[in-house]
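Written below as structure tokens is the structure these notes are about.
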């Protein structure tokens with residue numbers, strides 16, 4: 001599926017060089033502090049409000065399951081039927097950033113989450129042994145991070161009729177290393193953390209949600225593929241992985257890229273004027 005937007009997202013690099021546009025003062029603010037992803041979302045909201053004063057934006061902390069079911073039911077009465085807990089909701093770490101379209105409806109332009117799993121680097125550097133008998137350098141990775149799949153699926157349900165999928169997740173920790181590293185212990189040992197170790201790495205489990213598409217890339221625009229002569233539309237989350245903690249200005253840059261891509265897509269389908 002193609003579109004002919006105005007290319008705001010493609011101009012991010014140029015704006016970063018000159019310090020202008022939505023990467024200007026608020027991007028600099030993200031560099032000054034160790035912000036969590038919710039605070040980064042608030043900076044992006046302010047930047048977009050300043051960049052596009054004619055558009056109306058809002059940032060919500062959660063989306064009710066009833067709202068998701070209503071959207072599904074509008075697409076087809078067969079969908080959105082089942083709900084046992086009436087107050088159930090989805091609460092992504094970075095909230096849900098939306099813009100109001102020409103008809104007054106709110107359209108999602110950014111959903112951000114940040115997940116951490118694996119403290120092996122910190123423990124090894126501190127000389128702390130792990131495992132059941134406290135005699136191992138590494139702790140076998142758990143599966144708690146896989147809960148992110150649920151939120152991704154819920155937002156796919158919410159955005160089933162959209163041409164974009166602005167869901168971005170930042171993963172950090174030793175369970176998400178993309179390259180092997182050597183870690184020094186206090187007693188002078190060198191311990192190698194193997195990035196492709198089945199004991200530690202959980203990237204392959206997370207990419208079940210993005211069809212094993214490339215990681216660390218913007219997948220905001222829906223992808224059309226052909227299967228046996230028929231078109232299938234895929235909505236793919238943008239998944240970023242690294243062992244080290246994510247710095248707030250890096251999250252800001254990637255999240256802004258997703259938000260601007262969303263606005264491009266909505267503009268190209270004449271749903272907003274930018």
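A few comments on the model shown:
- Working ranking of peptides 229-242, 157-170 by packing, defined as the average number of other Cβ atoms within 10 Å per residue, highest first, is 157-170, 229-242.
- Summarising the overall dimensions of the range 21-159 from its C-alpha atoms, the Rg and Dmax are 20.1, 62 angstrom.
- If the chain linking residue 199 and residue 147 were pulled fully straight, counting 0.36 nm for each residue of separation and taking away their Cα-Cα distance, it would gain 16.8 nm.
- Classified by the C-alpha gyration tensor, the range 28-68 has an oblate form. Its axis ratio a/c, with a ≥ b ≥ c, is 1.5 or above, and a/b does not exceed b/c.
- Three-way shape label, the range 189-269, alpha-carbon gyration tensor, a/c 1.5: oblate
- Per-residue ellipticity at 222 nm computed for the chain from its helices equals -9000 deg cm²/dmol, with DSSP H segments shorter than 4 residues left out and the rest contributing -39,500 (n - 2.57).
- When restricted to Cα atoms, the range 136-214 yields an Rg and a Dmax of 16.4, 57 Å, respectively.
- Over the range 84-126, the fraction of Cα-Cα pairs per 10 Å bin, rounded to whole percents and listed from the shortest bin up, is 21, 24, 28, 15, 10, 2.
- Each peptide in 121-133, 46-58 gets a packing score, the mean of other Cβ atoms within 10 Å over its residues, and the list from highest to lowest is 46-58, 121-133.
- Divided by 2.2 N^0.38 Å, where N counts the residues, the Cα radius of gyration of the range 88-236 comes to 1.32.
- For the chain, the antiparallel share of DSSP beta bridges with both residues in that region comes to about 65%.
- Solvent-free Debye calculation, one equal scatterer per alpha-carbon of the chain: log10 I(q)/I(0) at 0.08, 0.14 Å⁻¹ equals -0.38, -1.04.
Rule-based calculations on the coordinates, nothing more; no lab input. Remember, predicted model here, so these are calculated numbers, not experimental data. Note that we place each Cβ from the backbone using ideal geometry, even for glycine, and neighbour counts take in every protein chain shown.
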